[in-house]
Amino acid sequence: VRAALAAALLTACIGQTPDDRARDEVVSSGHHGPTHNPGSQCLLCHDFALAGTIYRRAADESGLAGATVTITDSTGHSFSAVSNSTGNFYVNVDSGVSGAITGREGEARVPWAIAWPVHVEVAAGGATKKMRNEIHQWGSCARCHTPDPGATSNGRIYLEMP
Amino acid sequence: VRRLAAFAFLAACTGPSPGSTPIPRTLDVAAYARDVHPILEARCATLDCHGSFERPLRLYAETGLRRSDELRGDPITQAELDDNVAAATAVDAADAIDDSLILAKPGGRMKHTGLAVWASTADPEYACVRGWLAGSSGDPDVAAACATAATRVQLPPP
């Protein structure tokens with residue numbers, strides 16, 4: 001009984017971190033696969049190096065498919081992912097590949113660990129948008145690019161095409 | 001008692017190390033805005049680093065953290081620049097400029113999550129920030145370093 005009480009007390013004291021709460025909200029949306037949970041913080045659950053969602057307009061609910069996301073790290077390695085049907089893209093580090101591979105369903109595979117900081121550029125339909133500043137350490141784009149722009153968010157990553 | 005007296009005497013005689021310069025109590029806000037802020041915005045003030053309300057060196061920037069939600073998309077404000085200078089002043093209690101956290105951490109001489117931002121003290125960005133901390137932004141060498149740094153840290157237009 002004492003052990004059970006101690007465990008209950010410990011659980012109550014520890015509570016949930018902001019990341020725990022964000023993760024619970026993401027998981028509750030249900031389905032799985034490369035197209036799931038667009039706009040969420042991918043790295044809360046996945047071991048990607050970098051991942052995010054591209055939109056055509058800032059207020060769109062659904063993502064933009066076919067956008068090329070080019071990432072250049074601080075050693076000069078450059079590689080691309082192409083966003084999938086929900087606008088998602090993600091980067092996996094895979095020592096089994098000999099060079100950067102732009103895969104299907106939004107994936108890019110690279111054989112090296114990404115050297116931060118990185119620069120990012122998005123292109124689609126003849127339009128190009130370069131991220132103005134660098135990313136220093138957060139691999140989840142949605143951690144800063146939330147739906148609502150504000151003091152701590154630059155808003156969604158979107159690319160208005162001609 | 002003798003030991004204490006000897007220690008106090010030694011401490012009084014030793015003083016700051018030769019060549020060390022204390023950080024002025026008042027830093028030049030105009031020089032910060034012109035020379036230093038572009039460097040810190042590009043290298044330090046992203047939302048995933050010092051663009052955070054929780055960080056001791058909390059930095060506002062047009063591309064990073066804003067003072068309020070309504071400022072997103074606007075140029076940096078004077079109040080934000082003032083706050084950045086105040087944060088830079090408050091974060092440090094170093095007697096010598098080169099020991100200040102703002103230089104020692106990105107200079108690779110202290111543990112820093114963002115690793116070494118500047119490879120050496122000869123880096124123009126380092127020299128520019130150091131010159132500002134020393135109150136010598138107007139010196140020709142510092143101005144030259146800042147001019148070189150400015151070409152390296154220029155951000156793409158919105």
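Overview of values
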read-out	value
Close pairs from region B:141-158: first more than 14 Å from every other protein chain (Cβ to nearest Cβ) and under 12 Å from B:Tyr126 (Cα atoms), partner aliphatic (A, V, I, L, M) and open to solvent by less than 40 Å² (accessible area, probe 1.4 Å), Cβ under 7 Å, at least 6 apart	B:Val142/B:Ala127; B:Ala145/B:Ala127; B:Ala149/B:Ile39
Number of the exception - B:Ala127 against (1) without any contact (Cβ under 8 Å) to a residue 24 or more places away in the chain; (2) open to solvent by 50 Å² or more (accessible area, probe 1.4 Å); (3) away from every other protein chain (no Cβ under 14 Å); (4) assigned to a helix (DSSP H, G or I)	(2)
Close pairs (9 angstrom Cβ cut-off, 6 or more residues apart or separate chains): over 18 Å from B:Tyr32 (Cβ atoms) in region B:65-89, in a helix (DSSP H, G or I) and open to solvent by less than 50 Å² (accessible area, probe 1.4 Å) anywhere	B:Leu71/B:Glu80
Filter result (under 18 Å from A:Leu43 (Cα atoms), in contact with a Gly (Cβ under 9 Å, 6 or more places away or on another chain) and aliphatic (A, V, I, L, M)) within region A:126-162	A:Ala142, A:Ile157
Members of region B:60-73 found to be at the interface with chain A (Cβ under 8 Å from one of its Cβ atoms), more than 23 Å from B:Leu103 (Cβ to Cβ) and not in a loop (DSSP other than H, G, I, E, B), listed by number	B:Asp69, B:Leu71
Filtered residue count, region A:62-81, keeping only those that are assigned to a loop (DSSP other than H, G, I, E, B) and in contact with a Ser or Thr (Cβ under 9 Å, 6 or more places away or on another chain)	6
Checklist (1) assigned to a loop (DSSP other than H, G, I, E, B); (2) among the aliphatic types (A, V, I, L, M); (3) crowded, with 21+ Cβ neighbours inside 10 Å applied to B:Val142, failing item	(1)
Residue match in region A:111-129 (condition: under 14 Å from the mean Cα position of the chain (by Cα), in a loop (DSSP other than H, G, I, E, B) and surrounded by fewer than 20 Cβ atoms within 10 Å (Cβ to Cβ))	no
Restricting region B:31-47 to residues that are facing chain A (nearest Cβ under 9 Å) and of a type outside the set (D, E, K, R), the residue that is nearest to A:His145 (Cα to Cα)	B:Leu47
Matching residues in region B:79-123 - criterion: being within 14 Å of chain A (Cβ to nearest Cβ) and either open to solvent by 70 Å² or more (accessible area, probe 1.4 Å) or in a helix (DSSP H, G or I) (or both)	B:Ala79, B:Glu80, B:Asp83, B:Thr113, B:Leu115, B:Ala119
Cβ pairs under 8 Å, 6+ apart, first in region B:48-59 and more than 12 Å from chain A (Cβ to nearest Cβ) and open to solvent by 20 Å² or more (accessible area, probe 1.4 Å), second at pLDDT below 95 and part of a loop (DSSP other than H, G, I, E, B)	B:Pro56/B:Val91; B:Leu57/B:Val91
Every residue from region B:54-63 that is within 17 Å of the chain's Cα centre (by Cα) and either within 10 Å of B:Glu80 (Cβ to Cβ) or of a type in the set (Phe, Trp, Tyr) (or both)	B:Leu59, B:Tyr60, B:Ala61
A:Val91 being assigned to a strand (DSSP E or B), crowded, with 17+ Cβ neighbours inside 10 Å, in contact (Cβ under 8 Å) with a residue 40 or more places away in the chain and within 14 Å of chain B (Cβ to nearest Cβ)	no
Tabulated pairs, region A:142-161, first without any contact (Cβ under 8 Å) to a residue 40 or more places away in the chain and facing another protein chain (nearest Cβ under 7 Å), second open to solvent by 40 Å² or more (accessible area, probe 1.4 Å) and not in a loop (DSSP other than H, G, I, E, B), C-beta under 6 angstrom, 6+ apart or interchain	A:Gly150/B:Asp69; A:Ala151/B:Asp69
Criterion (under 30 Å from B:Thr113 (Cα atoms), modelled with pLDDT of 95 or more and open to solvent by 30 Å² or more (accessible area, probe 1.4 Å)) met by exactly one of A:Gly66, A:Gly76, A:Gly150, A:Gly99	A:Gly76
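The values are calculated or read from the model by the stated rules, or taken from the named source; none is laboratory data. Remember, predicted model here, so these are calculated numbers, not experimental data. Using ideal geometry, Cβ is built from the backbone for each residue, glycine included, and neighbour counts are taken over all protein chains shown. Protein only, heavy atoms only, side chains kept; ligands, DNA and RNA dropped before computing areas. Shrake-Rupley method; radii C 1.70, N 1.55, O 1.52, S 1.80 Å.
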